[in-house]
Amino acid sequence: MNDKTKDQSPEPKAGEIRALTPEEVASLPGQPGNPARRNFMRTSALAGLVGASGLIGGLGLDRAAHAAEPGKMPEDYVAPGHLDEYYGFWSGGQSGELRILGLPSMRELIRVPVFNRSFAIGWGITNESKRVLGKDFPPGGDLHHPHMSQTHGRYDGRYLFANDKAGTRVARIRCDIMRTDKIIKIPNVQAIHGLRVQREPRTGYVFANAEFRIPVPNDGRDLDDPKKYQTMFTAIDGDTMEIAWQVLVDGNLDNTDCDYEGKYAASTCYNGEDAVDLAGMMRSERDWAVVFNIKRIEEAVKAGKFKTIGKSKVPVVDGRHGSPLTMYVPIPKNPHGLNASPDGKYFVVAGKLSPTCTVVEWSKADAYFNGKLKDPRGAVVAEPQLGLGPLHTAFDGRGNAYTTLFIDSQMAKWHIQDAIDDYAGKKTNYLRQKLDVAYQPGHNHSSLGETRDADGRWLVSLNKFSKDRYLPVGPLHPDSDQLIDISGDQMVLVADCPVFSEPHDCIIVPRQIMMSKIKRIWDRKDAFFAETVAQAKQHGITLEKDSKVIRQGKKVFVYMTSSAPKYGLDSFKVKKGDEVTVVITNIDDIEDLTHGFCLTDYGINMEMSPQETSSVTFIADKPGVHWYYCTFFCHALHLEMRGRMLVEA
Ligand code: RUQ
Ligand code: CUA
Ligand code: CA
């Protein structure tokens, strides 16, 4: 026997370099399973703190110059090792994903794939994600509007909902695991744009606007007859993700929001002209906001006063002009954003091609629907002049509104009650401040600003252009999100943050709402992979301990565990043409110990976080030896965490 293999001596002789044994590796500080790991993390965070403050003091980094008094950190500064106060949920636009940021640092924490594919975690590759995406899922999506479920007008940390304009879909993301768990296609319409959630009593409904008018059914008829095109407002049940009803409307539907009482939702229309060309869509001086009477719509559906279209079973009610279900409030001109104020009294419509915002009082809808108010324009209580290109409005809970001015590249702060008084004939200075932003802002959003709890702390301006703000990176520039402190009398610009295409919108949620709800390790009973677990049971497999290959004709099921730094199987053998399903269960139960499974030259990668089961199915069409390896750096022997798939010709 070789003496060297028996050498377990921890103390090599002076000058001698000896390879570490696996036991020694496992006992190194920082290795999973070693209780010293936590302390190690803390120590390094502390070292980072010292290093970073030295750096900022010494080099005078740009961020330190913002808003900070000499010798004081700027307000948005979150020191290494410290946590942000808010979660920001950012849309990824045509990236199709959702992003999670920390505020006020504006650091991107993670990305949640929704309508896109992600090789990083295997979204669109694993069977579990394909069950969510559906069989023939498109290559990506265009996610504009993420909104969190609410209970009595407050964020409740259950779900996020988001639209896909490109694929006419709506997705739900579970907040406990930050995974998309449902995606549905909306029938009878095209291009879901505006999306909001019911506030009272809870979510409840998810309201979704289809922006483009199309022939209904859209099966090749009426191609050249835009007069026959239509669009609809859709209400989805957020608990079941089934569609409750649709409302046929005139014009088109852009953005949407709802009240704080559960009575109404409202949407903007910029194409009251029913045009199919640019000039035509700008012909009229006014378009409108349409208010939906939720109770009446529910009653109409209950009473059977609806139709269905084609194969869809969704009840469609008629909400076009003259319908008792809707109120059309004339608004100048090609309006865009529609935002409900957190006091529950108003919604503000941004004029886009008109330099105004229009303030509509929800309670006037009561008067209209019970016949007391004849002219819907009578629901308008203010129309402040703000500047060029108003797009979206945010609120601080202290009576102020903040409207983005796309053309002027500014944020306008104005006082709602003063604007109402001014409209009533008393001259007031409702405009409080204009702040330059860089450049061309679309959405803005304030902390908790779409809830009762609007706290008037932070405002983000989501700017479409960044030109000279950052190092040039080629013809495509990043977007530019700017953080603005709104806690004082004046807005103060605090930070510039480049972002990849194209965050339309965001919401800002205090960490207290989220931290207790977020799981750091998977629950073995989680519904996300329950179907995979059930299938394993049928094969007599206990996922937590069995590593085993099961063949059923040309179908091969490869079950294995993963535990740092080893897969349950070092190799498995299949035949060319087999349909192979690899199911891996990460039995490590330490926070932050994720493994991956990448199968070389097969285009497969997937993530298995602690206690998660992930699976992938593919055809073994390439004979030979194919190594699979772990893609998350899990251990000092991470590179050695690999095995072979042998495909017989
Ligand atoms: S819309 S930039 Cu897609 Cu939210 Cu207004
Ligand atoms: Cu397991 Cu790297
Ligand atoms: Ca128009």
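Points worth noting:
- Exactly one residue among 394, 365, 401 is assigned to a helix (DSSP H, G or I) and either hydroxyl-bearing (Ser, Thr, Tyr) or open to solvent by less than 10 Å² (accessible area, probe 1.4 Å) (or both), and that residue is 365.
- Filter result for residue 274 (more than 30 Å from residue 159 (Cα to Cα), assigned to a strand (DSSP E or B) and either outside the structural domain of residue 340 (by TED's automatic domain parsing) or not small (Gly, Ala, Ser) (or both)): no
- Among the residues of this structure, residue 300 counts as one that is in the same structural domain as residue 354 (by TED's automatic domain parsing), free of Cβ contacts under 8 Å to residues at least 60 places away in the same chain and away from ligand 2 (no atom under 16 Å from the Cβ).
- Within segment 116-160, the set of residues being assigned to a strand (DSSP E or B), in contact with a Phe, Trp or Tyr (Cβ under 8 Å, 6 or more places away or on another chain) and over 20 Å from residue 516 (Cα atoms) comprises just one member, 143.
- Checking residue 643 against (1) within 34 Å of the chain's Cα centre (by Cα); (2) within 14 Å of ligand 2 (Cβ to nearest atom); (3) open to solvent by less than 10 Å² (accessible area, probe 1.4 Å), the condition it does not meet: (1)
- Which listed residue is among the small types (Gly, Ala, Ser) and over 16 Å from residue 98 (Cα atoms), from 191, 166, 162: 191
- If the condition is being more than 10 Å from ligand 3 (Cβ to nearest atom) and touching a Pro at 6+ places or on another chain (Cβ under 8 Å), then segment 261-281 contributes 262, 268, 276.
- Condition met for residue 240 (assigned to a loop (DSSP other than H, G, I, E, B) and within 24 Å of the chain's Cα centre (by Cα)): yes
- Residue within segment 585-593 that is in a strand (DSSP E or B) and either under 22 Å from residue 130 (Cβ atoms) or open to solvent by 20 Å² or more (accessible area, probe 1.4 Å) (or both) present: yes
- Only one of 471, 483 that is over 20 Å from residue 352 (Cα atoms), open to solvent by 20 Å² or more (accessible area, probe 1.4 Å) and at pLDDT 95 or above: 471
- Matching residues, segment 541-581, being among the aliphatic types (A, V, I, L, M) and surrounded by fewer than 19 Cβ atoms within 10 Å (Cβ to Cβ): 549, 550
Rundown of residues vs (1) aliphatic (A, V, I, L, M); (2) within 14 Å of ligand 2 (Cβ to nearest atom), yes/no style:
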| residue | (1), (2) |
| --- | --- |
| 544 | no, no |
| 561 | no, yes |
| 568 | no, yes |
| 573 | no, no |
| 577 | no, no |
| 597 | no, yes |
| 601 | no, no |
| 608 | yes, yes |
| 615 | no, no |
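- Within segment 173-192, tally of residues that are open to solvent by less than 10 Å² (accessible area, probe 1.4 Å) and either outside any strand (DSSP E or B) or of a type outside the set (Val, Ile, Thr) (or both): 3
- Lone qualifier among 290, 329, 247, 301 - being more than 16 Å from ligand 3 (Cβ to nearest atom) and assigned to a strand (DSSP E or B): 247
- Among the residues examined, residue 263 qualifies as in contact with a helix residue (DSSP H, G or I) (Cβ under 7 Å, 6 or more places away or on another chain), surrounded by fewer than 23 Cβ atoms within 10 Å (Cβ to Cβ) and within 22 Å of residue 362 (Cα to Cα).
- Failed item in (1) open to solvent by 10 Å² or more (accessible area, probe 1.4 Å); (2) under 24 Å from residue 305 (Cβ atoms); (3) of a type outside the set (Asp, Glu), with residue 270 passing the rest: (2)
- Applying the set (1) without any contact (Cβ under 8 Å) to a residue 24 or more places away in the chain; (2) buried (at least 16 other Cβ atoms within 10 Å of the Cβ) to residue 370 leaves exactly one unmet item: (2).
- Breaking point among (1) on the phi > 0 side of the Ramachandran plot; (2) open to solvent by 10 Å² or more (accessible area, probe 1.4 Å), for residue 456: (2)
- Considering (1) over 27 Å from the mean Cα position of the chain (by Cα); (2) closer than 30 Å to residue 261 by Cα, the lone condition that residue 472 does not fulfil carries the number (2).
- In segment 489-524, the residues that are free of Cβ contacts under 8 Å to residues at least 24 places away in the same chain and either hydrophobic (A, V, I, L, M, F, W, C) or in the same structural domain as residue 197 (by TED's automatic domain parsing) (or both): 515
The values are calculated or read from the model by the stated rules, or taken from the named source; none is laboratory data. The model shown is predicted, which means the values in this text are computed figures rather than measured ones. Methodologically, a virtual Cβ is constructed for each residue, glycine included, from the backbone with ideal geometry; neighbour enumeration extends over all protein chains shown. Remember, those area values only see protein heavy atoms, side chains included, never the ligands or the DNA or RNA. Shrake-Rupley method; radii C 1.70, N 1.55, O 1.52, S 1.80 Å.
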